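Enquirer: Below is a structure I'd like to ask you about.
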Amino acid sequence: MCGIVGYIGDKKAAPILLAGLKKLEYRGYDSAGIAVQEKKAVKIVKKEGKLDKLKSRTEEEVFYGRTGIGHTRWATHGRPSDINSHPHTDSFSEIVIVHNGIIENFRELKEELSAAGHQFKSETDTEVVAHLISTYYDDDLRTAVNKTVERLEGSFALAVMSRQEKDKIIAVRKDSPLIIGLGENENFLASDIPAYLEHTDNFYILEDGEIADIRKDKVNIYKFNGDLIVNKNKTKISWDAEMAEKQGYQHFMLKEIHEQPESLKRLLEDNLNGGQIDLTASGLAEDWLDNYDKIHIVACGTAYHSGALAKYLLEDKLRIPVEVEVASEYRYRNPIVDAGTLMIVVSQSGETADTLAALRLAKKKGASVLALTNSRDSSIARESDMVIYLKAGPEIAVASTKAYTNMVAAFYLLLVDGMRQRDNISDQITAEYTSDLIKLPEMIRKLSEQSKEQIQAIANNYEDKENIFFIGRNTDYTLALEGALKLKEISYIHAEAYPAGELKHGTLALIEEGVPVVALGSRADIFSKLFSNLKEVKARGAETLLITEENQKFETESVDHLIELPILNKDFAGLLAIIPLQLLAYYTALNCGEDIDQPRNLAKSVTVE
Ligand code: F6R
């Protein structure tokens with residue numbers, strides 16, 4: 001959600017800024033712009049729409065400058081337009097600024113500044129910040145920015161330049177991520193690491209309440225109170241730039257679907273010790289289950305779906321109460337959470353604003369927080385008491401696939417580690433579960449290869465449909481939720497997920513001739529119940545797709561399309577069933593001709609609530 005880049009060094013800034021923005025495209029945006037320090041003025045080009053438009057606009061201008069900032073905007077205050085795009089300036093174009101986040105008190109500030117004679121060109125909250133900085137500016141940009149942030153409420157990451165001080169970029173972070181890439185006689189600024197991985201693997205991760213003075217040959221970082229931070233830790237990133245490239249795949253999403261066996265293996269190996277699950281590196285005690293009387297799982301979107309699946313398994317096997325809730329609801333009610341609560345927050349990006357707020361709420365009430373996240377050094381990782389890193393590698397497509405798989409797998413690890421601690425579960429059963437878990441990556445690899453063509457054929461049939469239903473029971477219901485979300489977010493076809501047994505309480509009315517219904521039947525234990533529901537929709541004309549394990553017995557006349565899964569422990573079959581659902585969403589969107597990696601209106605990292 002919005003991307004910030006910055007460059008200061010000996011090379012021409014514009015191409016480096018544009019390349020950095022390209023790498024951040026996945027975050028989602030509707031307009032983009034750059035500002036470069038030229039001899040006499042700061043030159044700004046900004047454009048509504050995709051980066052290609054901005055690129056052709058910049059080609060009409062000549063940029064010589066070696067210092068600049070850039071931005072991809074995801075509209076919050078004011079519609080997407082050239083005027084509302086960043087960078088923004090004050091009235092005299094002295095101060096130039098890009099911003100991620102939301103300034104909650106911008107109306108009050110705007111009124112105050114308007115009364116003092118400031119005139120605004122855009123509808124954005126960001127422009128107000130540029131004007132405010134100019135009122136404090138007295139030849140020292142850092143001091144002016146510092147005074148400004150004291151007046152701001154909300155979340156923000158800012159990159160600021162002044163026409164008077166061409167040798168620096170000032171960057172500030174409060175509740176919105178910002179990193180500084182360190183090079184030789186050049187430094188980079190970005191809201192996420194992939195922007196500049198090809199230039200450096202050495203980064204400062206700014207913390208909340210820090211302000212950086214970035215020059216080409218040094219970076220000083222201060223606290224908001226003005227104290228210089230000495231010996232700030234540098235982070236070495238082990239991803240290489242290639243991992244964040246498409247490597248011959250048509251889309252990042254398809255690449256990431258096919259990366260799942262490898263990334264899942266990485267997570268499992270990281271948490272196995274001599275063939276036994278060992279989660280102590282996360283900070284969990286060996287007998288962690290004894291320390292809590294309930295579990296709360298809180299997350300958003302796809303991450304929430306992984307938690308919904310986990311609830312069924314953890315309660316069934318560990319007999320501990322588990323609540324699962326979307327973070328935007330949890331944070332604005334008064335949940336019963338205390339020192340006996342293990343709060344599990346799940347987040348690929350580690351920066352989702354609502355999840356972070358829910359984490360803070362639970363911590364304040366005494367809960368212990370375990371994060372399942374893909375992002376080392378993210379806010380969620382840093383603020384949690386314990387962390388299991390998902391090890392999925394960079395996930396660029398907005399629609400999450402490999403991170404979801406590793407979220408579910410991380411819950412499987414917790415499940416089996418919990419089973420070891422329960423006296424009523426034998427060592428033999430725990431060992432069988434562990435060995436089933438280890439089989440998963442290879443089974444996923446084979447299934448992705450084997451089911452691809454069949455799914456492409458089914459997808460050809462879906463592209464003209466207006467509504468598609470997904471049904472399942474137990475963990476399969478949570479897969480239905482994820483399958484429906486995946487399909488609608490990238491193909492824009494309306495999709496709904498229902499607990500299969502709930503259909504006849506209303507939704508069955510929507511089933512008519514030709515409406516596709518995807519029935520998830522990966523759980524052998526309740527297959528017959530699911531199949532009765534499939535027959536109900538078939539009797540009303542639905543076009544049915546059944547996903548179930550091979551050798552399952554059923555009346556074939558009720559099934560129009562069948563995808564068979566290899567046989568595995570019913571509790572782990574979900575990670576097999578999700579593969580055809582991801583591929584189905586992908587190929588349907590491909591047929592619909594949609595922008596698969598960057599679906600409209602969506603952002604990869606949702607840093608505003
Ligand atoms: C959907 C998707 C989103 C995210 C959600 C939470 O494919 O990716 O629903 O799962 O925005 O994001 P994280 O996991 O970064 O907290």
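Enquirer: Would you confirm whether any residue within segment 396-415 is farther than 30 Å from D192 by Cα and in contact with a helix residue (DSSP H, G or I) (Cβ under 6 Å, 6 or more places away or on another chain)?
Expert: For segment 396-415, residues farther than 30 Å from D192 by Cα and in contact with a helix residue (DSSP H, G or I) (Cβ under 6 Å, 6 or more places away or on another chain): present.
Enquirer: When you go through L264, L318, L279 one by one, which is the residue that is surrounded by 21 or more Cβ atoms within 10 Å (Cβ to Cβ), more than 19 Å from the chain's Cα centre (by Cα) and either within 16 Å of the ligand (Cβ to nearest atom) or not assigned by TED's automatic domain parsing to the domain that holds I578 (or both)?
Expert: L279
Enquirer: Follow-up. Considering (1) over 19 Å from the mean Cα position of the chain (by Cα); (2) within 23 Å of D175 (Cα to Cα), say which one L342 fails and leave the rest.
Expert: Going through the list (1) over 19 Å from the mean Cα position of the chain (by Cα); (2) within 23 Å of D175 (Cα to Cα), L342 breaks only (2).
Enquirer: Related question: On the given criteria, is I214 touching a Gly at 6+ places or on another chain (Cβ under 8 Å), surrounded by 15 or more Cβ atoms within 10 Å (Cβ to Cβ) and under 19 Å from T67 (Cα atoms)?
Expert: yes
Enquirer: Could I ask something else about it? Quick check on segment 297-315: of everything there that is away from the ligand (no atom under 16 Å from the Cβ) and not aliphatic (A, V, I, L, M), which residue is farthest from the chain's Cα centre (by Cα)?
Expert: E315
Enquirer: Just the residues that are assigned to a helix (DSSP H, G or I) and surrounded by fewer than 16 Cβ atoms within 10 Å (Cβ to Cβ), please, taken from segment 413-449.
Expert: Q421, D427, Q428, I429, A431, E432, S435, I438, K439, E442, K446, E449
Enquirer: Here's another thing I want to ask about it. Inspect segment 397-408 for any residue being more than 16 Å from the ligand (Cβ to nearest atom), part of a helix (DSSP H, G or I) and of a type in the set (G, A, S) and give the result as yes or no.
Expert: no
Enquirer: Could I ask something else about it? So for segment 349-365 (the condition being in a loop (DSSP other than H, G, I, E, B) and either within 20 Å of D571 (Cβ to Cβ) or more than 9 Å from the ligand (Cβ to nearest atom) (or both)), does at least one residue qualify?
Expert: Yes, that holds for at least one residue.
Enquirer: Do the conditions hold for L440, that is, is it more than 12 Å from the ligand (Cβ to nearest atom), touching a strand residue (DSSP E or B) at 6+ places or on another chain (Cβ under 7 Å) and not assigned by TED's automatic domain parsing to the domain that holds N100?
Expert: no
Enquirer: Still on this model: Does S375 satisfy the criteria of being assigned to a loop (DSSP other than H, G, I, E, B), within 16 Å of the ligand (Cβ to nearest atom), among the hydroxyl-bearing types (S, T, Y) and at pLDDT below 95?
Expert: Here the answer is yes, as S375 does meet what is asked.
Enquirer: To continue, here is another question. Mind checking whether some residue in segment 137-148 is among the charged types (D, E, K, R), touching a Leu at 6+ places or on another chain (Cβ under 7 Å) and at pLDDT 95 or above?
Expert: So far as segment 137-148 goes, no, none of its residues is among the charged types (D, E, K, R), touching a Leu at 6+ places or on another chain (Cβ under 7 Å) and at pLDDT 95 or above.
Enquirer: Against the conditions (1) within 22 Å of G483 (Cα to Cα); (2) crowded, with 21+ Cβ neighbours inside 10 Å; (3) of a type in the set (D, E, K, R), where does E453 fall short? Just the number, please.
Expert: (2)
Enquirer: Another question about this same structure. Could you pull out the residue among L503, L530, L562, L545 that is in a strand (DSSP E or B), touching a residue at least 24 places away in the same chain (Cβ under 8 Å), of a type in the set (A, V, I, L, M, F, W, C) and more than 30 Å from A603 (Cβ to Cβ)?
Expert: Exactly one of L503, L530, L562, L545 is in a strand (DSSP E or B), touching a residue at least 24 places away in the same chain (Cβ under 8 Å), of a type in the set (A, V, I, L, M, F, W, C) and more than 30 Å from A603 (Cβ to Cβ), namely L545.
Enquirer: Answer yes if at least one residue in segment 593-604 is part of a helix (DSSP H, G or I), more than 15 Å from the ligand (Cβ to nearest atom), out of contact with any Pro (no Cβ under 8 Å at 6 or more places or on another chain) and in the same structural domain as R523 (by TED's automatic domain parsing), and no otherwise.
Expert: No: zero hits.
Enquirer: Shifting gears a bit: D167 - would you say it is without any contact (Cβ under 8 Å) to a residue 24 or more places away in the chain and not in a helix (DSSP H, G or I)?
Expert: For D167, the condition - without any contact (Cβ under 8 Å) to a residue 24 or more places away in the chain and not in a helix (DSSP H, G or I) - is not met.
Enquirer: Of all residues in segment 383-396, count the ones that are within 15 Å of the ligand (Cβ to nearest atom) and farther than 23 Å from L481 by Cβ.
Expert: So the answer is 8.
Enquirer: A further question on this structure: Out of the strands (runs of 3 or more DSSP E) lying entirely within segment 284-347, which hold 3 or more residues that are closer than 15 Å to M386 by Cβ?
Expert: By residue number, 294-299, 341-347.
The values are calculated or read from the model by the stated rules, or taken from the named source; none is laboratory data. Quick caveat, the model's predicted, so the values are computed rather than measured. Here the Cβ is made from the backbone with ideal geometry for all residues, glycine too, and neighbour counts use every protein chain on show.
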